[in-house]
Amino acid sequence: MKRLGDILIDSGFLSQAELQEALEAQRSSPSKKRLGEIIVEKGLLTELDILRAISSQYEIPIIDLQQVDIDQEATKVVTEQYCEENLIIPVAFDQDKLVVAIYDPLNILVTDDLRFRTGNDIVTLLAPKQQILTAIKMNYGREVAKKAADDLAQDLDVSDMESLAEEVTDEVNNAPVVKLVNSMIDFAIRANSSDIHIEPMEDRVRVRIRIDGVLSEIMSNPVAAKDAIITRIKILSGMNIAEKRIPQDGRVQTMINGKPVDMRVSVLPTVHGEKTVIRILAKNDSNLNRKYLGISEHNNEMIDRIVKVPQGVCLISGPTGSGKTTTLYTLLSEKNTPETNIVTVEDPVEIQIPGLNQVQVNAKAGMTFASGLRSILRQDPDIILVGEIRDGETAEIAMRAAITGHLVFSTIHTNDAVSSINRLIDMGIEPFMVSTALIGVVAQRLVRRICTNCREEYTPGPDEVELLKLQPGQKLYRGAGCSECNEKGYKGRIAIHEVVIMTKNMRALLERRASEDEMRALAVSEGTLMLADSAAQLVLEGITTVAEMSKVTYSIDG
């Protein structure tokens with residue numbers, strides 16, 4: 001069988017000089033990468049070019065895994081680990097043959113091994129590496145969860161649940177309910193979801209996960225399994241398993257498949273049992289940069305004007321799940337130097353950042369935002385983060401801390417930046433104190449990104465043309481739906497922002513208790529880009545859709 005380099009030259013995809021360049025790079029590569037990976041990294045060819053050359057040479061068809069339904073029976077013939085190590089995934093049975101998508105068909109040892117393992121003749125199809133890895137992640141995760149649910153349905157003994165608490169033994173790890181809970185969490189993490197909803201209903205237990213802000217159902221369990229599932233989760237999160245009449249909150253720090261997982265758990269009694277929501281918390285700060293957040297150049301300049309002020313209060317506003325905390329951590333990370341004492345009080349501490357002194361709120365022990373903030377002021381801080389301003393007491397302490405020379409970051413639940421200013425006054429803070437202490441407010445929302453794999457151009461309708469003031473012939477974009485985005489047309493999210501700076505003119509309006517409309521008009525004249533305008537920019541750039549823009553920024557006033 002020919003080597004890859006010879007195939008690419010014979011097919012006219014690569015010159016001899018380019019091949020030599022790639023071979024030299026491969027020889028000097030410390031990780032011993034494959035030649036194909038080196039060629040793609042150096043920009044000599046795309047992955048699809050390489051597959052086309054191999055396909056043409058050996059008459060092996062290329063399969064688009066995003067457009068096919070993988071037979072779950074086929075995936076059972078080999079393990080997930082085997083697929084990942086060899087970059088293959090079984091797709092279907094064709095009578096007595098096993099159809100397999102493979103990234104490197106030149107590795108005949110894999111096909112021979114598959115033939116030996118399965119007893120089937122092997123039909124190989126070519127597929128891009130990322131498509132194979134995505135298919136493995138989704139299909140094997142779902143299969144593990146389904147098998148665990150089936151095992152639990154056959155063994156619903158919950159009398160010994162307390163024995164499954166903390167000890168780690170083979171017996172515990174193999175208990176059906178433990179495997180089911182672990183597999184649900186594992187699947188949710190694989191799918192990059194933020195929340196798991198376990199909902200008892202009249203005839204079943206529904207499990208849904210939230211991906212990019214949207215819930216979708218992933219499995220359904222027998223109604224008889226609800227007590228076992230909830231009991232296991234309560235044990236993990238340190239709740240009272242005997243109490244079923246009142247809401248409970250807990251936290252889980254555990255290992256799932258050898259990986260540390262940090263989760264916040266909420267249990268709420270409902271008509272058919274206890275509904276449980278598990279929030280999967282981020283464990284690292286690798287994405288704490290403004291480029292990842294998607295902050296526009298204009299809004300970056302506005303935010304810089306706020307955070308460069310040495311003292312005052314900077315607020316991030318928005319509803320639950322709008323990414324406020326991530327933005328706060330990002331701004332704090334920029335200030336995190338050996339010369340600066342940064343202290344936070346949070347509920348919960350979602351991301352642990354080296355160099356920050358992070359305090360966890362514990363209301364039962366008397367550690368509230370207000371009491372924690374009072375103690376922080378005696379810790380010689382330069383910068384303070386208050387996880388959330390929930391009441392007048394916390395707001396007043398934060399304002400007084402700013403007036404006495406500290407830079408204070410916090411979040412507040414309001415609809416936009418201007419309404420955050422009046423919200424502080426509604427909490428009982430005097431307008432003159434808000435005017436003196438507040439330096440700026442950043443309102444934030446999240447919109448879903450169009451999936452780059454299935455993004456397509458289309459001609460906008462009359463309503464879209466009018467809404468965005470489009471030019472004749474101007475096109476917009478949307479996602480057609482593919483396996484990478486679970487046929488949703490969206491993959492990932494990006495933030496939109498509205499930044500209001502407390503300028504001299506804005507302070508004057510505030511002190512005379514001007515209306516929000518007046519303050520909003522002044523903010524726009526001084527450079528504020530409204531949330532709707534920020535979203536419209538992303539629509540025009542092909543990053544999100546009009547539907548997402550309308551969903552997030554719709555106002556009854558139009």
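If you plug the beta carbon distance of residue 533 and residue 340 into 1/(1 + (r/R0)^6) with R0 = 35 Å, you get a FRET efficiency near 0.55. Taking each DSSP H run with n ≥ 4 as -39500 (n - 2.57) and averaging over every residue of the chain yields -11500 deg cm²/dmol at 222 nm.
Every Cα-Cα pair in the range 498-537 was counted, and those over 16 Å apart are 31% of them. If the segment from residue 505 to residue 291 were pulled out straight at 0.36 nm per residue, it would be longer than the present Cα-Cα gap by 73.9 nm.
Given the chain, what percent of its DSSP beta bridges are antiparallel, to the nearest 5? Given both bridge residues lie in the chain, the antiparallel proportion sits at roughly 65 percent. Rounded to the nearest 0.05, what FRET efficiency do residue 67 and residue 400 have when you use their Cβ-Cβ distance and R0 = 45 Å? Working from the Cβ atoms, E equals 0.15. Shape of the range 22-102 from the C-alpha gyration tensor: prolate (a/c of 1.5 or more and a/b above b/c, with a ≥ b ≥ c the square roots of its eigenvalues).
Taking a point 7 Å from the Cα of residue 550 along the Cα-to-Cβ direction, the residues of the range 449-476 with backbone N closer than 12 Å to it are 461-468.
Of all DSSP bridge pairs formed entirely within the range 262-414, close to 35 percent run antiparallel. The mean accessible area for residues of the chain, using a 1.4 Å probe and ignoring ligands and nucleic acids, is 49 Å² per residue. Can you give the relative contact order of the range 1-110 as a percent, counting alpha carbon pairs under 8 Å and 6+ residues apart? Relative CO of the range 1-110 lands at 20 percent.
The range 398-439 and the range 501-558 have Cα centres separated by 19 Å. Database remark: amide H of residue 445 closer than 5 angstrom to the amide H of 496 (H placed geometrically; neighbours at sequence offset of 5 or more, or on other chains; Pro and chain starts carry no H).
Along its principal axes, the range 328-409 has C-alpha extents of 31, 28, 20 angstrom, given from the largest down. To the nearest 10, the accessible area of residue 517 is 110 Å² with a 1.4 Å probe. In a fully extended conformation the segment linking residue 56 and residue 311 would gain 85.2 nm over its present Cα-Cα distance, using 0.36 nm per residue.
When Rg and Dmax are taken over the Cα atoms of the range 383-487, they come to 21.6, 57 Å. The tail of the calculated P(r) for the chain beyond 32 Å holds 58 percent of all Cα-Cα pairs.
Net charge dipole, the chain: roughly 1000 debye, given to the nearest 20, about the Cα centre with Cβ charges of +1 for Lys and Arg and -1 for Asp and Glu. Using only the C-alpha atoms, the convex hull of the range 449-558 corresponds to 116 Å³ per residue. Just the number, please: carbon plus sulfur as a percent of the accessible area of the chain, 1.4 Å probe, no ligands or DNA/RNA counted. Result for the chain: 48 percent of the exposed heavy-atom area is carbon or sulfur.
Placing a pseudo-label 7 Å from each Cα along the Cα-to-Cβ vector at residue 474 and residue 82 gives an inter-label distance of 5.5 nm. For the pair residue 201 and residue 378, the difference between a 0.36 nm per residue extended length and the Cα-Cα distance amounts to 58.7 nm. The magnitude of the dipole of the range 1-148, with charges of +1 and -1 set on the Cβ of Lys/Arg and Asp/Glu and taken from the Cα centre, is near 400 debye.
Between residue 112 and residue 10, the FRET efficiency estimated from the beta carbon spacing at R0 = 25 angstrom works out to 0.50. In terms of packing, defined here as the mean over residues of other Cβ atoms within 10 angstrom, the peptides 246-255, 488-497, 358-367 line up highest first as 488-497, 246-255, 358-367.
The values are calculated or read from the model by the stated rules, or taken from the named source; none is laboratory data. These figures come from a predicted structure and were not determined experimentally. Heads up, the Cβs are rebuilt from the backbone with ideal geometry, glycines too, and the neighbour counts pull from every protein chain shown. What goes into the accessible areas is simple: the full protein's heavy atoms, side chains included, and nothing from ligands, DNA or RNA. Shrake-Rupley method; radii C 1.70, N 1.55, O 1.52, S 1.80 Å.
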